[in-house]
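Read through the structure below, which is laid out as structure tokens, and then see the notes.
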Amino acid sequence: MSLRSEQLDRLDGGEVDVLVVGGGINGAVSAAALAGRGVSVAIVDRGDFASVTSQESSNLVWGGFKYLENYEIPLVLSLTGSRNHLMKAYPSTISELPFLATLDTTSPFPSWLAALGSVAYWGLGRFATDRPRYHRPKSIMRHEPIIRTDTADAAIEYNDGYLKDNDSRFVWGFVRSALDNDALAANYVSLRSAQRPTDGEPWIADLEDEVGGRTMTLRAKAVINAAGPYVDGLNDSWGAKTKHRIVYSKGIHLIVPQVTTSERVLAFFDDSQRLFYVIPMAHRSVIGTTDTRTDQVEDHVTDEERAFLLEQINARLSLETPLTTGDIISERSGVRPLVVPDDGDDRSDIDWTSLSRKHEVERNDAHRLVTIFGGKLTDCLNVGDEVADEIAALGIAVGKPNDLWYGEPDADARHRFLRVAAAVGLDRAPEVEREESLAAVLWRRHGEAAHAVVDAIKADPSSAEPIMPESDILVAEVELYADREMIVHLDDFLRRRTKLAMLHRAEALDDEPGLKEAAARLLP
């Protein structure tokens with residue numbers, strides 16, 4: 001029986017303390033935080049885990065340098081603290097990376113002010129990263145010759161955090177943590193209806209398996225609305241009034257062939273004085289993001305947006321051949337759910353770039369409901385702790401957190417794995433990842449579970465080969481994905497558990513025989 005089938009059986013007729021609706025970062029971290037405190041939890045998502053907002057980020061774990069522009073000092077102080085905590089908890093997954101921000105005629109402020117801001121940012125971040133640096137045009141050319149310096153005044157270099165894998169895989173790690181602490185979890189399960197509790201009775205949730213059509217009923221003492229951009233609609237369906245609501249900002253990214261081999265993020269201000277980046281992703285570069293208001297929760301990249309980003313980057317890099325739409329390997333488009341007061345204002349005249357990615361957690365005692373508004377990857381652990389406090393305030397027994405609900409195994413466990421992996425030849429460098437060895441990549445993705453890959457290679461040395469060219473996914477790894485990661489559709493594997501769909505053109509993946517062999521095991 002597959003892991004997902006087992007979970008569906010447990011959901012049907014089950015009774016839990018808390019039902020989490022929504023499997024993005026907010027829902028996943030809530031489930032992990034509660035399960036790690038001894039609370040019985042179920043988490044469901046009508047799509048795959050992290051399949052909406054949480055798969056469309058810039059893969060950055062950062063403290064919000066740009067929020068200093070609006071003097072949001074407490075927010076930056078909180079976010080940099082969260083960033084530091086995450087980098088310590090996930091040393092293999094989150095790396096410190098330099099950001100080189102070039103200031104030219106489109107910059108909204110002078111370079112001296114940006115330099116002062118970088119020092120303040122470093123200080124607010126408790127000096128946990130390398131110190132910032134100030135570069136004049138000649139220094140820019142020496143460190144990053146691809147940047148055009150004819151219009152540049154200076155550049156500010158500071159450090160922040162970066163997810164080496166993709167954002168949705170990071171989210172999956174929290175779902176896996178919840179499962180390891182005996183939570184129930186299933187993707188592609190819709191909440192068809194939910195009867196609100198009365199007179200101390202539990203919520204009664206009617207669920208449906210979107211794959212097999214099976215209907216299920218689950219009882220829960222409380223519900224967490226972690227539906228991301230859909231939180232307002234869900235609360236409306238229950239008649240739950242809140243102090244906050246969500247508005248949407250659309251951001252896009254274009255993945256193109258690698259434009260620079262340096263391991264840093266390049267930052268620029270576009271012609272509308274908004275920040276955009278060139279971010280490394282294995283052997284590709286990611287250009288983005290935009291920041292535009294939208295009323296659409298799910299949208300696609302438009303021709304105008306592609307043209308705008310390509311025009312902006314071509315104007316700022318000295319490329320042998322300017323980038324065109326033909327260079328685009330893949331695209332990302334998503335909305336950021338931004339929190340605003342629910343005061344009746346339609347926010348039509350708001351300065352869109354002034355809205356930050358802060359979060360709000362609201363508790364409704366009468367409904368026994370907790371709602372999470374907004375948020376970002378960087379602040380996820382705080383969300384988990386706050387949700388646990390609110391659930392406890394509803395009278396549900398919440399114990400002390402164990403040491404296993406987040407973070408990687410300790411350094412000794414990692415070194416032990418690297419030794420046994422080296423014995424089967426996994427100490428060789430990966431073909432595309434910027435990592436010291438394939439063993440390090442496997443540890444980053446799977447932790448202790450990666451020992452199963454070593455065992456598979458011992459049994460069949462040929463399985464140490466990648467499933468396809470320009471990939472670090474090994475044949476021996478496929479079994480682990482199939483057994484532990486609840487993959488229902490091939491896109492779950494290509495787009496979320498891995499980043500293959502971002503690094504390769506869709507038509508190339510369609511024609512890859514090794515991937516077809518992997519799919520036969522992933523999707524029996």
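One table, with the values for the structure above:
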quantity: Computed [θ] at 222 nm, deg cm²/dmol, the chain (DSSP H ≥ 4; -39,500 (n - 2.57); rounded to nearest 500); calculated: -9500 deg cm²/dmol
quantity: Using a Förster distance of 25 Å, the FRET efficiency for THR105-ASN70 (Cβ separation, nearest 0.05); calculated: 0.65
quantity: Positive dipole terminus of the chain, leading residue within VAL171, HIS451, VAL475 (C-beta point charges); calculated: HIS451
quantity: Surface/4 of the Cα convex hull for region 485-524, nm²; calculated: 2.6 nm²
quantity: Spin-label model distance (nm) - ARG136 vs LEU319, 7 Å beyond Cα toward Cβ; calculated: 3.1 nm
quantity: Potential lengthening between HIS283 and SER5 on full extension [0.36 nm per residue; Cα-Cα distance subtracted]; calculated: 96.4 nm
quantity: Portion, in percent, of the accessible area of the chain that falls on carbon or sulfur, probe 1.4 Å; calculated: 49 percent
quantity: Pairs beyond 22 Å (Cα-Cα), from LYS66/LYS138; LYS88/LYS499; LYS243/LYS358; LYS458/LYS516; LYS250/LYS516; LYS164/LYS458; calculated: LYS66/LYS138; LYS88/LYS499; LYS458/LYS516; LYS250/LYS516; LYS164/LYS458
quantity: Net dipole in debye of region 375-512 [+1 Lys, Arg Cβ; -1 Asp, Glu Cβ; about Cα centre; nearest 20]; calculated: 240 debye
quantity: Where N is the number of residues in region 336-491, Cα Rg divided by 2.2 N^0.38 Å; calculated: 1.48
quantity: Ordering of 37-44, 406-413 by packing [mean C-beta count within 10 Å, highest first]; calculated: 37-44, 406-413
quantity: Where region 392-477 is the region considered: accessible area per residue in Å², 1.4 Å probe; calculated: 48 Å²
quantity: Region 200-320 - accessible surface per residue (Å², probe 1.4 Å); calculated: 41 Å²
quantity: Accessible surface of SER78 - all protein chains present, 1.4 Å probe, nearest 10 Å²; calculated: 50 Å²
quantity: Length gained when the stretch ASP483-GLN296 is fully extended (0.36 nm per residue, less Cα-Cα span); calculated: 63.8 nm
quantity: Peptide ranges 282-289, 222-229 listed from the most packed, as the mean C-beta count within 10 angstrom indicates; calculated: 222-229, 282-289
quantity: Separation in nanometres of the label points that stand 7 Å from Cα toward Cβ, at GLU311 and THR151; calculated: 1.2 nm
quantity: Per residue convex hull volume, Cα atoms of region 1-137, in Å³; calculated: 166 Å³
quantity: Cα principal axis extents for region 430-524, largest first, Å; calculated: 32, 30, 23
quantity: Relative contact order (percent, whole number), the chain, Cα cutoff 8 Å, 6+ residue spacing; calculated: 19 percent
quantity: Modelled label reach - ASP327, point 7 Å along Cα→Cβ, region 496-524 residues with backbone N closer than 18 Å; calculated: 503-505
quantity: Beta bridges by DSSP in the chain, antiparallel share as percent, to the nearest 5; calculated: 75 percent
quantity: Gained length - ASP12 relative to SER462, 0.36 nm times residue gap less alpha-carbon distance; calculated: 157.9 nm
quantity: Karplus (6.51, -1.76, 1.60) ³J(HN,Hα), θ = phi - 60°, over region 497-503, in Hz, Gly and Pro reported as x; calculated: 6, 10, 10, 4, 5, 8, 8
quantity: Relative packing of peptides 15-22, 332-339 - highest average C-beta neighbours within 10 Å first; calculated: 15-22, 332-339
quantity: Calculated Rg and Dmax of the chain using C-alpha coordinates, Å; calculated: 23.0, 72
quantity: Per residue value of the accessible surface for region 1-49 (all protein chains in place, 1.4 Å probe), Å²; calculated: 28 Å²
quantity: Ratio of the Cα radius of gyration of region 221-260 to 2.2 N^0.38 Å, where N counts its residues; calculated: 1.91
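The values are calculated or read from the model by the stated rules, or taken from the named source; none is laboratory data. Quick caveat, the model's predicted, so the values are computed rather than measured. All Cβ positions, glycine included, derive from the backbone under ideal geometry; neighbour counts span all protein chains shown. What goes into the accessible areas is simple: the full protein's heavy atoms, side chains included, and nothing from ligands, DNA or RNA. Shrake-Rupley method; radii C 1.70, N 1.55, O 1.52, S 1.80 Å.
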